[in-house]
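Presented below is the structure to which this report refers.
The values are calculated or read from the model by the stated rules, or taken from the named source; none is laboratory data. What you see is a predicted model; the values in this text were computed from it and never measured. Using ideal geometry, Cβ is built from the backbone for each residue, glycine included, and neighbour counts are taken over all protein chains shown.
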Amino acid sequence: MVVSELASYNPDIVCLQEVQPELFNSHLLNPLMAAGFAAAVCPPAPTRPGRPAVGTALLWRRSVLDVVSPPQHIKFGDLASGPPPPPPGTP
């Protein structure tokens with residue numbers, strides 16, 4: 001149901017929040033890949049006991065966009081200290 005809803009909008013980029021990585025990987029990743037998407041899931045931040053650990057997911061249509069460097073996981077709080085360092089191997 002989620003995959004068909006996302007596909008119905010015909011997006012090139014999809015950003016999801018409140019993603020439980022285990023559920024995303026076990027239930028959504030393969031159908032989304034079959035629909036033409038690639039994905040990067042940002043690991044969840046620590047949570048309080050008893051609450052599910054949730055992160056974010058970025059999906060892109062493989063026929064439109066290419067990855068030019070490995071995805072970097074940046075925490076929102078880290079942005080206050082300045083821009084993130086460039087990925088390894090970048091000039």
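Quick one: is A40 surrounded by 13 or more Cβ atoms within 10 Å (Cβ to Cβ) and either more than 13 Å from the chain's Cα centre (by Cα) or modelled with pLDDT of 95 or more (or both)? Before the answer, list the steps.
Numbers: surrounded by 13 or more Cβ atoms within 10 Å (Cβ to Cβ): yes; either more than 13 Å from the chain's Cα centre (by Cα) or modelled with pLDDT of 95 or more (or both): no.
Taking the combined requirement at face value, the residue does not satisfy it.
Just a yes or no: is a residue in the range 5-13 among the β-branched types (V, I, T), surrounded by 11 or more Cβ atoms within 10 Å (Cβ to Cβ) and either touching a helix residue (DSSP H, G or I) at 6+ places or on another chain (Cβ under 9 Å) or at pLDDT below 75 (or both)?
Let us first name the residues in the range 5-13 that are among the β-branched types (V, I, T), namely 13.
Going one step further and asking which of them are surrounded by 11 or more Cβ atoms within 10 Å (Cβ to Cβ), we end up with 13.
Next, from what is left, pick out any that are either touching a helix residue (DSSP H, G or I) at 6+ places or on another chain (Cβ under 9 Å) or at pLDDT below 75 (or both): none.
The answer is no, given that none of the residues of the range 5-13 is among the β-branched types (V, I, T), surrounded by 11 or more Cβ atoms within 10 Å (Cβ to Cβ) and either touching a helix residue (DSSP H, G or I) at 6+ places or on another chain (Cβ under 9 Å) or at pLDDT below 75 (or both).
Filter the range 1-19 for residues that are more than 11 Å from the chain's Cα centre (by Cα) and polar (S, T, N, Q) and give the result.
Here is the first cut: in the range 1-19, the residues more than 11 Å from the chain's Cα centre (by Cα) are 1-12.
Result: S4, S8, N10.
Of the residues in the range 1-15, how many are under 17 Å from S63 (Cβ atoms) and not polar (S, T, N, Q)?
Residues that pass the stated criteria total 8.
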